[in-house]
Amino acid sequence: MHPILKTFSIALALTVGVASVQAQAAAAYYEAATKTFRLDGGNTTYAFGVNSRGELQQLYWGGRLAGTDSFPKAEPLGERTSFDSSFNNTPQEYSGWGNGIYVEPALKVSFPDGNRELVLHYVSHKMVANGFDVELKDVAKPIVVVLHYTMDAATGILARSATIENRGTLAVTVEQAAAAAWMLPASHYTLSYLTGRWGSEWTLNQEPVRAGSRVLESRRGSTGHQANPWFALAAGEATEDAGEVWFGALAWSGSWRMVVEQDQANAVRVTGGFNPFDFGFVLHPGQRLETPVFYSGYTQGGMGAASRLLHRFELDRILPRTAGLPEGSRPKPRPVIYNSWEATGFNVSEAGQVALAERAAALGVDRFVMDDGWFGQRKDDHAGLGDWYVNKQKFPNGLKPLIDKVHALGMDFGLWVEPEMVNPNSDLYRQHPDWVLAFPGRPRMEQRNQLVLNLARPDVRAYLFGFLDKVLTENDIAFLKWDYNRNWSQPGWDQLPAGEQKRVYVDYVRNLYSILTELRRKHPKVEIESCSGGGGRVDLGILRLTDEVWASDNTDPYDRLIQQYGFSFAYTPQVMMAWVTDSPHWENQRATTVAYRMLSSMQGSLGIGANISKWGPEDVATAKRLIAAYKQVQPAIAQGDLYRLIAPTGGSAFSATENVKADKSQAVVFAFIHSTIEGYPYPVLKLKGLDPAAEYALTAIEGKADKAVPAVASGAWWMNHGLDLGADFHGDFQAAAFRLDRK
Ligand code: GLA
């Protein structure tokens, strides 16, 4: 233990999902003599100190240090030239724009007297569980910033955010506010980030960090398909199994920005939070602005270990637990769902849904979800959004007969909603044309024939909560698929004075979160999926309040392998809903077998979204068998450790993944062939993460291993010698899956 500890906080974190509950210590220390703050968790240490000028200066972020190690007092870096000031060179934890900061500042504020400078110095701090709250104040103005730090004991993932408070007597405008700045010393790094578009989310990009800035952002009012708020910086090349990786994810479902910047001295920082584009949050005297939380972690085990840490953190610290589960337990694996969208489109009816429900139940599905089309005057996407009453032509007796039938078939019932939107052709819009985001006197720009309701308004919030609460109170509903099918284009809020309207970027998202929070409190058994035309709203903010996400509207099983690969860098398979749909696929006319489609979807949380009324007995039998097999191994897949054995990207003919249960008692291997070219064999799969000394029995879920492969062998055998699928595993769009069970 440190010799000159002045204050000390420690907590025990329970690691769940393993047979023996381990305890790991996380600690936050403050060393008064050197004014140094230190956080330890998992394999990570993070430290910063108050330097001689009073700035909060980052000292270290990397592998865990010994408890006896201590840091010298923080000293500002010197001025190199008159163009390279000490202020700009010194790595500040959270710098205002002031004193000649040319790198990305964390905070920029303008004052009514025209002053726009902010120089934040340390004032005080207090210990909180596993962390600190550190108070900074401008050297002259009464602007106070409290930085929040909390370290997760098990993973070493650090949560950072800031509260900005105006303690003066005049209003000020916050023009830019980050949650945190993360700094790394000058070196060569590879940046990984995720981009995409509708139907093509989760493209993994990897490139060297170079001088200047790489901006990752959404200006769309929501998270967006085009970029996801996640990053990873690997020392040198990014490799799957080794090397230092610093990674992070921002918990915000509105416009966001991360700037990855290599400065004039090659130091690298990632500054992220609210997107400053079109931002301007007025703080009246006494008011505060809370930033989103920016989570970041560190590993020496390469990109694979980075995502495993993040998955574990999401399962243990981010995702909501269904009501009734004991404290400290993980959310339960997702039910296998059926969803009607690709089968029926908007053309839903009681008889049609019942027919699908009967088929779904026979396959072993747990949850039947009716998608778009059940409400208002909804025949297609031109009308109905906003009118959340049951369509009487389609459901003359309401939803109850369908829900009762679904229950009688042994499934629970889920319903699609898109609460934040309105079609101009709706009763709601005719009554409240002023409820949408719009600029006065400007033509209203529709996308998919719809406008975005201004959820920042209290009356809109009340309407949304009211109808959702009513639907959930009047019907026995276990699940909502919460959709969001366009981005903002005209974020005006003309009920507020012109100077205040931009707070819509913050208030909208806060109200979204508060509705979800209140609904979950009032209807604790209801689970929610975040969907936005596929994966347009997936981030650690929405995942604190939803149970799963719809990763993409593109359900082609081969395209999905690539998307699921990208998704897995940031998010756990537990939340990744993946449906088996029809073949040939609507997107690309690619024909695949049911088994191939099933195995692709089994990499995440399995769903069926096909027109199963048309399936023949053979496909039904295959799906039924694989759903049953999936349920037996689902905890390992959804909540185990994921190893990406062969990436499907870069035109790879092959891909493979392995999921290992946290206690190493079981592993599941998925192997896919895009196409066998010139007869080249499938690579022998060297498994990972097993207990080398334990014996594991191999069972085929689909396909078979080479005839020379033993039925039982040690973990060492499977990891070193590997699993050979043999010459018979060849062809186009082939798939195989295996389980290994510890004896
Ligand atoms: C979005 C969703 C789809 C489906 C449709 C319904 O595109 O991503 O899964 O629910 O809306 O209109």
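The values are calculated or read from the model by the stated rules, or taken from the named source; none is laboratory data. Source: prediction; values computed, not measured. So basically every Cβ, Gly included, is an ideal-geometry build from the backbone, and we count neighbours across all protein chains shown. Surface areas here come from the heavy atoms of the whole protein model, side chains and all, with no ligands, DNA or RNA. Shrake-Rupley method; radii C 1.70, N 1.55, O 1.52, S 1.80 Å.
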### Message
Looking only at segment 584-622, count every residue that is under 31 Å from the mean Cα position of the chain (by Cα) and of a type in the set (D, E, K, R) and tell me the total.
### Response
3
### Message
I'd like to know if segment 270-286 contains one or more residues that are surrounded by fewer than 20 Cβ atoms within 10 Å (Cβ to Cβ), at pLDDT 95 or above, touching a helix residue (DSSP H, G or I) at 6+ places or on another chain (Cβ under 7 Å) and part of a strand (DSSP E or B).
### Response
yes
### Query
What about R257, is it surrounded by 22 or more Cβ atoms within 10 Å (Cβ to Cβ) and over 18 Å from G62 (Cβ atoms)?
yes
### Query
Tell me, which residue of segment 372-415 that is acidic (D, E) and closer than 20 Å to R448 by Cβ is most open to solvent (accessible area, probe 1.4 Å)?
D380
### Query
Of the residues F132, F83, F48, which single one is under 17 Å from M183 (Cβ atoms), of a type in the set (F, W, Y) and either free of Cβ contacts under 8 Å to residues at least 40 places away in the same chain or open to solvent by less than 30 Å² (accessible area, probe 1.4 Å) (or both)?
F48
### Message
Take the conditions surrounded by 23 or more Cβ atoms within 10 Å (Cβ to Cβ) and of a type outside the set (D, E) and apply them to G499. Does it pass?
### Response
no
### Message
Please go through segment 331-347 and give me each residue that is within 11 Å of the ligand (Cβ to nearest atom) and assigned to a loop (DSSP other than H, G, I, E, B), ordered by number.
### Response
S340, G345, F346
### Message
Quick check on my filter: what residues within segment 86-122 are touching a strand residue (DSSP E or B) at 6+ places or on another chain (Cβ under 7 Å), free of Cβ contacts under 8 Å to residues at least 60 places away in the same chain and open to solvent by 50 Å² or more (accessible area, probe 1.4 Å)?
### Response
R116
### Message
So the check is Cβ under 6 Å with 6+ separation or different chains; which pairs have a first residue in segment 366-381 that's over 10 Å from L415 (Cα atoms) and modelled with pLDDT of 95 or more and a second one that's open to solvent by 40 Å² or more (accessible area, probe 1.4 Å) and near the ligand (Cβ under 9 Å from one of its atoms)?
### Response
D381/R448
### Task
Consider D507 carefully, then state whether it is surrounded by 19 or more Cβ atoms within 10 Å (Cβ to Cβ), under 21 Å from L451 (Cα atoms) and without any contact (Cβ under 8 Å) to a residue 60 or more places away in the chain.
yes
### Query
Which of the following residues is open to solvent by 10 Å² or more (accessible area, probe 1.4 Å), at pLDDT 95 or above and touching a Pro at 6+ places or on another chain (Cβ under 6 Å): Y565, Y558?
Y565
### Query
Yes or no: K481 basic (K, R) and within 16 Å of the ligand (Cβ to nearest atom)?
yes
### Summary
Flagged in segment 484-501 as within 16 Å of the ligand (Cβ to nearest atom) and either part of a helix (DSSP H, G or I) or of a type in the set (S, T, N, Q) (or both), in numbering order, are N485, N487
## Note on the structure
Among strands (runs of 3 or more DSSP E) entirely inside segment 690-743, those with 2 or more residues being open to solvent by 70 Å² or more (accessible area, probe 1.4 Å) are 732-742
### Query
Which one of these does F439 not meet: (1) assigned to a helix (DSSP H, G or I); (2) more than 16 Å from the ligand (Cβ to nearest atom)?
(1)
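Per-residue answers, yes or no, for (1) within 30 Å of Y338 (Cβ to Cβ); (2) out of contact with any Cys (no Cβ under 8 Å at 6 or more places or on another chain); (3) within 16 Å of the ligand (Cβ to nearest atom):
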{"residue": "G466", "(1), (2), (3)": "yes, yes, no"}
{"residue": "D469", "(1), (2), (3)": "yes, yes, no"}
{"residue": "D476", "(1), (2), (3)": "yes, yes, no"}
{"residue": "R503", "(1), (2), (3)": "no, yes, no"}
{"residue": "N511", "(1), (2), (3)": "no, yes, no"}
{"residue": "G533", "(1), (2), (3)": "yes, yes, yes"}
{"residue": "R544", "(1), (2), (3)": "yes, yes, no"}
### Task
Select, from A638, A647, the only residue that is out of contact with any Gly (no Cβ under 6 Å at 6 or more places or on another chain), open to solvent by 20 Å² or more (accessible area, probe 1.4 Å), aliphatic (A, V, I, L, M) and modelled with pLDDT of 95 or more.
A647
### Query
Which pairs have Cβ atoms under 7 Å, sit 6 or more apart or on different chains, and link a residue in segment 416-433 that is among the hydrophobic types (A, V, I, L, M, F, W, C) to one that is more than 16 Å from the ligand (Cβ to nearest atom) and open to solvent by 30 Å² or more (accessible area, probe 1.4 Å)?
V422/Y429
## Note on the structure
By residue number, the members of segment 487-546 that are of a type in the set (A, V, I, L, M, F, W, C), in contact with a strand residue (DSSP E or B) (Cβ under 8 Å, 6 or more places away or on another chain) and under 22 Å from F277 (Cβ atoms) are W488, V506, V538, L540, I542
### Query
Is one or more of the residues making up segment 245-266 touching a strand residue (DSSP E or B) at 6+ places or on another chain (Cβ under 7 Å), of a type in the set (S, T, N, Q), under 30 Å from D84 (Cα atoms) and in contact (Cβ under 8 Å) with a residue 12 or more places away in the chain?
yes
### Query
Considering S568, S583, which residue is without any contact (Cβ under 8 Å) to a residue 60 or more places away in the chain, among the polar types (S, T, N, Q) and more than 16 Å from the ligand (Cβ to nearest atom)?
S583
### Message
Would you confirm, using the coordinates I've provided, whether G376 is small (G, A, S) and touching a Leu at 6+ places or on another chain (Cβ under 9 Å)?
### Response
yes
### Query
Restricting the first residue to segment 454-478 and requiring it to be surrounded by 12 or more Cβ atoms within 10 Å (Cβ to Cβ), which pairs with a second residue that is outside any helix (DSSP H, G or I) and small (G, A, S) meet a Cβ separation below 7 Å and a spacing of at least six or different chains?
I477/G414; A478/G414
### Task
Could you tell me whether any residue of segment 352-359 is under 26 Å from F465 (Cα atoms) and either open to solvent by less than 10 Å² (accessible area, probe 1.4 Å) or at pLDDT 95 or above (or both)?
no
## Note on the structure
Inside segment 579-625, the number of residues satisfying the requirement of being over 19 Å from V354 (Cα atoms), of a type in the set (G, A, S) and buried (at least 20 other Cβ atoms within 10 Å of the Cβ) is 6
